[in-house]
Amino acid sequence: MKEGVSLRVNGTTHELKVGPYALLSDVIREDLGLKGTKRGCDFGGCGACTVLMDGQPIYSCMMPARHASGHEITTIEGLAEGGRLSTVQRSFVKNMGFQCGYCTPGIIMSATALLKRNPHPSEDDIREALAGNLCRCTGYTSIFKSIMEAAEMHT
């Protein structure tokens, strides 16, 4: 039986009917058409589905959509500032902080949350923040470089 939920995603409120087991990642992708959020493992082991809920990174593949009601959800599509890519997104493009790109949205979301709480992270801080995000292409050198440069751009 579907129930009504009110989800605020990227600054827009959406009134939806979802089943009791509908996952936030599925609602974001299928009901809202925001395809940047990926599903890789379905158990919170890869981080591809990472979105921000009230500014904190969460695995949307493990979050029932109804539990996100009343919270501010930000997806990769919501990071753009005035139609321009965010600082972190621009740094990833400039430094080729991606290879196949599947993990990139989740990593950018985790990096964005990190830089909001710690604008001058060390490499260890970045490692800790990205601990739940896997890049199967092993593109970590350019990922770290992208995040460090984004931090410098914020100052």
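Under the condition of being surrounded by fewer than 16 Cβ atoms within 10 Å (Cβ to Cβ) and in a helix (DSSP H, G or I), the residues counted in region 91-119 number 4.
The residue that is surrounded by the fewest Cβ atoms within 10 Å (Cβ to Cβ), among those in region 42-54 that are part of a loop (DSSP other than H, G, I, E, B) and without any contact (Cβ under 8 Å) to a residue 24 or more places away in the chain, is Phe43. Please enumerate the residues belonging to region 75-113 that are under 19 Å from Gly139 (Cβ atoms), of a type in the set (Ser, Thr, Tyr) and without any contact (Cβ under 8 Å) to a residue 40 or more places away in the chain. Selection gives Thr104 alone.
One line per residue, one yes/no per condition, for (1) over 23 Å from Gly40 (Cα atoms); (2) assigned by TED's automatic domain parsing to the domain that holds Thr13; (3) among the small types (Gly, Ala, Ser):
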| position | (1), (2), (3) |
| --- | --- |
| Gly55 | no, yes, yes |
| Tyr59 | no, yes, no |
| Met62 | no, yes, no |
| Ala65 | no, yes, yes |
| Ala68 | no, yes, yes |
| Ile73 | no, yes, no |
| Ser91 | yes, no, yes |
| Lys94 | yes, no, no |
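Residues in region 47-75 that are out of contact with any strand residue (DSSP E or B) (no Cβ under 8 Å at 6 or more places or on another chain) and closer than 28 Å to Glu152 by Cβ: Ala48, Gln56. Among the criteria (1) aliphatic (A, V, I, L, M); (2) within 12 Å of Thr112 (Cα to Cα); (3) assigned to a strand (DSSP E or B), the one Val88 does not fulfil is (3).
Arg117 meets each of the listed conditions (1) over 20 Å from Gly44 (Cβ atoms); (2) modelled with pLDDT under 95 apart from (2). Kindly check whether there is at least one residue in region 42-52 that is at pLDDT below 95, in contact with an Asp or Glu (Cβ under 9 Å, 6 or more places away or on another chain) and within 30 Å of Met1 (Cα to Cα). So far as region 42-52 goes, no, none of its residues is at pLDDT below 95, in contact with an Asp or Glu (Cβ under 9 Å, 6 or more places away or on another chain) and within 30 Å of Met1 (Cα to Cα).
Out of region 20-41, which residues are under 22 Å from Gly4 (Cα atoms) and outside any helix (DSSP H, G or I)? If the condition is that a residue be under 22 Å from Gly4 (Cα atoms) and outside any helix (DSSP H, G or I), then Pro20, Tyr21, Ala22, Leu23, Leu32, Gly33, Leu34 are the ones that fit.
The values are calculated or read from the model by the stated rules, or taken from the named source; none is laboratory data. What you are looking at is a predicted structure, and each value in this text was computed from that prediction instead of being measured. Cβ: placed from backbone, ideal geometry, glycine included. Neighbour counts: every protein chain shown.
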